[in-house]
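What follows is a short report on a single structure.
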Amino acid sequence: TQKTAAARGRFRPAYTRVKFGEGGAVPELIVATPKGAEVRLTGKIDRVDLEESGGDFAVIDYRLGDRRLSLDEVYYGLSLQLLTHLLVLQTHGKVLAGRELTPTAAFYVRMLRSLGSVAHPAEAISPDDPRFHLSAKPRGLLDERVARELDASLETGTSEVINVQINKDGSFGNRRKSDGADAEEFAALLAHVKKRLGELADEVLSGEIAIRPYMMGHETPCPRCEYRSVCRFEPAERYHQLPVLGRDGVLAQLMAPGVAKGGASDAE
């Protein structure tokens with residue numbers, strides 16, 4: 001699947017298992033917090049792809065199953081890892097590649113193909129058909145300006161490689177379900193991630209350990225939590241309610257006039 005997708009674009013795998021922090025290929029990411037503290041982040045990036053002719057790069061995070069990036073979860077600080085990897089190489093790209101790097105995309109790539117449904121077996125795509133290997137698209141976030149570098153065959157319509165659609169007039173369509181963002185939105189999301197990292201670090205340093213699991217729509221982390229026997233939170237107690245904004249709502253919040261491009265800091 002990855003080989004077939006790469007053949008359709010101009011990004012190529014350049015580095016794998018990139019550790020950042022002590023003993024790593026690049027230094028840790030240092031984030032200044034709103035209260036004047038400093039947090040040093042370490043970790044590992046599964047894969048880094050570079051555009052053949054320049055400094056544009058994408059980060060890849062491997063997952064066994066299907067995983068999509070929720071901008072609501074990014075906004076509230078619940079899912080920051082994938083986009084933080086972009087910040088790491090935006091800051092230290094020259095250490096890794098010998099030149100400044102520009103973040104343009106971040107994707108989850110699933111390693112296990114799921115079962116699909118067809119009305120009749122004759123309608124199933126043969127494994128010999130290139131479309132078979134493109135049925136599991138990477139999902140995440142991309143700067144729309146590199147859409148055609150990720151899928152060079154994309155003119156109009158829906159891309160077979162990435163989750164974007166281009167209208168006949170050249171504009172990007174179906175943006176509510178798209179993984180694309182324009183350059184300003186993309187930059188605002190990265191700035192917001194950095195801001196949330198600092199805010200969360202301040203909460204940790206101040207000793208904030210209140211048992212207030214969130215509820216967003218009908219979703220809460222409690223059924224999957226490893227610490228249920230310790231926290232003893234009861235569903236009848238008050239959850240920390242996080243309004244569901246949706247993709248458009250999150251972008252509207254971050255791009256609102258007068259709002260710092262780090263975005264709002266809480267669900268209040």
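The values are calculated or read from the model by the stated rules, or taken from the named source; none is laboratory data. Not measured: the values here are computed from a predicted model. Cβ sites come from the backbone with ideal geometry, for glycine too, and all protein chains shown count toward neighbours. Keep in mind that these areas ignore ligands, DNA and RNA; they rest on the heavy atoms of the full protein, side chains included. Shrake-Rupley method; radii C 1.70, N 1.55, O 1.52, S 1.80 Å.
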- prompt: Name the residues in the range 213-254 that are surrounded by 10 or more Cβ atoms within 10 Å (Cβ to Cβ), farther than 26 Å from D182 by Cβ and among the polar types (S, T, N, Q), would you?
  reply: T220, Q241
- prompt: What helices (runs of 4 or more DSSP H) completely inside the range 48-141 contain at least 2 residues that are crowded, with 19+ Cβ neighbours inside 10 Å?
  reply: 71-75, 81-97
message: Return the residues of the range 197-212 that are open to solvent by 40 Å² or more (accessible area, probe 1.4 Å) and of a type outside the set (D, E); say none if nothing qualifies.
response: L200, V204, L205, S206, G207, I209, A210, I211, R212
task: Inspect all residues belonging to the range 149-162 and state whether any of them is in contact with a Phe, Trp or Tyr (Cβ under 7 Å, 6 or more places away or on another chain) and either within 18 Å of K177 (Cβ to Cβ) or basic (K, R) (or both).
output: yes
- prompt: Mind checking which residues of the range 24-46 are in a strand (DSSP E or B) and open to solvent by 20 Å² or more (accessible area, probe 1.4 Å)?
  reply: I30, A32, E38, V39, R40, L41, G43, K44, D46
message: When you scan the range 154-175, do you find a residue that is within 30 Å of E38 (Cβ to Cβ), of a type in the set (A, V, I, L, M, F, W, C), open to solvent by less than 60 Å² (accessible area, probe 1.4 Å) and touching a strand residue (DSSP E or B) at 6+ places or on another chain (Cβ under 7 Å), even just one?
response: no
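Going residue by residue through the range 40-61, is there one that turns out to be over 20 Å from Q90 (Cβ atoms) and of a type outside the set (S, T, N, Q)?
no
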statement: Listed by first then second residue, the pairs whose first member lies in the range 13-34 and is farther than 10 Å from T91 by Cβ and at pLDDT 95 or above, whose partner is aliphatic (A, V, I, L, M) and open to solvent by 50 Å² or more (accessible area, probe 1.4 Å), with beta carbons under 7 Å and at least 6 positions apart or on separate chains, are V18/A25; K19/A25
